Amino acid sequence: MREYLLTLCITAAVTYLLTGPVRKFAIVAGAMPEIRARDVHREPTPRLGGIAMFFGLCAGLLVADHLTNLSEVFEKSNEPRALLSGAALIWLIGVLDDKFEIDALIKLGGQMIAAGVMVMQGLTILWLPIPSVGSVALTQWQGTLLTVALVVITINAVNFVDGLDGLAAGMVCIAAAAFFLYAYRIWYSYGIEAAAPATLFSAILMGMCLGFLPHNMHPARIFMGDSGSMLIGLVLAAGAISITGQIDPDALKLFAGSEKAAVHQTVPVYIPLLLPLSIIAVPAADLISAIVRRTWRGQSPFAADRGHLHHRLLEIGHSHSRAVWIMYFWSALIAFGSLAYSVNSASMWIVLGVVFLSAIGLVLLLLPRFTPRVPMWAQAIVPPRYRRRRPVAAESAESMESAEVEQRTPVAVGVAGVNGATALRARSHAPERPRAETSR
């Protein structure tokens, strides 16, 4: 655990320290696109934050390779090298898109190629645990297609949700934290070394997001861009592929019996990670709704619009920061709820806790729809939006009376709180004439 935490901290430190210079480089390079109709921010903001995140990934892998225990991951598995190869390719495509805005189909092809590069180096799904059947071995083509599909879905789900300051980095960090706890439990508790690469990937992913978040929280000074969103999406998918399709369910020995019984016992664990709907449930829901919405309108699934979940939260009446925290809440609830259910699926308290927190989340979500009647004695302690409004006639009469008082009251010289020249003397409408200079 100490080595994982050290890798996380170094990754976060490198990402944090490089983000400032990368921001200056993005401004000089002109990676500050004009504000589009679907954008929420009001001022042009530099992109290319994925450059700092990529170098944080490289630093994390380099440090882990020189540690005593984590170095065994590089000796026994080729998955870290496969991840670095795919990450470099997808990062390069993202950098080009942040600068030149390449076509969506070209990006999709690049995502498939990056996934194929990882498959060629061994990071692929070998078998699937199917309930009541057991572990089903996949052919090379089946494993390749399933791996590529999972990578592309995860990358685009994270990319679609990257619409508010700090939203994508925070949600992926929450998902990576839940994934780290799950993978570390399998690696440490059951002694399965095949789970070590996924544990390392999730620790590095947390460091990348934590190091970038201080620069990306509202108001953001830099955006991660596609170079960052596609990168963290690929790392998240790589961890899910590593631990889902390469660990034999019977090795967990959760159920004393046949392999079929072991698969049935671990269904709450493997099915969420297979698609990974639990760790990125909110981005995946946003992705599916966007595809259905655009296809229904006769548009391309890659056409941009303002119908994403975070846009709808802003339309309801939530502020920018509150919309981000609501998305954080739902991501944490689904991710850690699935984690708790995978540990003890027979506990009713976990289900009741998730239901209770879901009810709280719905209340927070719909709060702007309601304007409660606050008592008069509580007017001073509640936000202004919940205070009772005075009648319009009374407000207009009071404003007219105050205006008459101001007209009758002369303004003294040097009165504090009066703007500029009027605090010193009356403003003259005619310009001053320059004095004629006399020479003696």
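Numbers for the structure displayed
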item	result
Criterion: modelled with pLDDT under 80, out of contact with any strand residue (DSSP E or B) (no Cβ under 6 Å at 6 or more places or on another chain), outside any loop (DSSP other than H, G, I, E, B) and aromatic (Phe, Trp, Tyr) - qualifying residue of Trp141, Trp187	Trp187
Subset tally (residues that are out of contact with any Ser or Thr (no Cβ under 9 Å at 6 or more places or on another chain) and open to solvent by 70 Å² or more (accessible area, probe 1.4 Å)) for the range 341-356	8
Unique residue being farther than 22 Å from Gly239 by Cβ and either at pLDDT 90 or above or surrounded by 15 or more Cβ atoms within 10 Å (Cβ to Cβ) (or both) when the list is Gly86, Gly109, Gly116, Gly94	Gly109
Meets criteria (at pLDDT 90 or above, within 13 Å of the chain's Cα centre (by Cα) and open to solvent by 20 Å² or more (accessible area, probe 1.4 Å)) for Leu231	no
Phe223 vs. criteria over 23 Å from Met1 (Cβ atoms), in a loop (DSSP other than H, G, I, E, B), hydrophobic (A, V, I, L, M, F, W, C) and touching a residue at least 60 places away in the same chain (Cβ under 8 Å)	yes
Boolean, Gly353 is modelled with pLDDT of 80 or more, under 20 Å from Ser321 (Cα atoms) and either charged (D, E, K, R) or assigned to a helix (DSSP H, G or I) (or both)	no
Count - residues of the range 1-31 that are open to solvent by less than 20 Å² (accessible area, probe 1.4 Å) and among the charged types (D, E, K, R)	0
Neighbours by Cβ (under 9 Å, 6+ apart or cross-chain): first from the range 348-367, free of Cβ contacts under 8 Å to residues at least 12 places away in the same chain and over 16 Å from Leu314 (Cα atoms); second among the aromatic types (Phe, Trp, Tyr) and surrounded by fewer than 14 Cβ atoms within 10 Å (Cβ to Cβ)	none
Where a residue in the range 65-83 is farther than 16 Å from Ser202 by Cβ and its partner, wherever it lies, is polar (S, T, N, Q) and loosely packed, with under 15 Cβ neighbours inside 10 Å, with Cβ under 9 Å and at least six apart	Asp65/Ser71
Of all residues making up the range 45-55, the number that are open to solvent by 70 Å² or more (accessible area, probe 1.4 Å) and at pLDDT below 90	0
Some residue of the range 322-344 being under 30 Å from Cys173 (Cβ atoms), basic (Lys, Arg), at pLDDT 80 or above and not in a loop (DSSP other than H, G, I, E, B)	yes
Leu123, sole failed condition from (1) within 22 Å of Ile204 (Cα to Cα); (2) assigned to a helix (DSSP H, G or I)	(2)
Phe100 vs. criteria modelled with pLDDT under 95 and among the aromatic types (Phe, Trp, Tyr)	yes
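The values are calculated or read from the model by the stated rules, or taken from the named source; none is laboratory data. No experiment lies behind these values; they were computed from the predicted model shown. Using ideal geometry, Cβ is built from the backbone for each residue, glycine included, and neighbour counts are taken over all protein chains shown. To get the accessible areas, we keep the full protein, side chains included, count just its heavy atoms, and leave off ligands, DNA and RNA. Shrake-Rupley method; radii C 1.70, N 1.55, O 1.52, S 1.80 Å.
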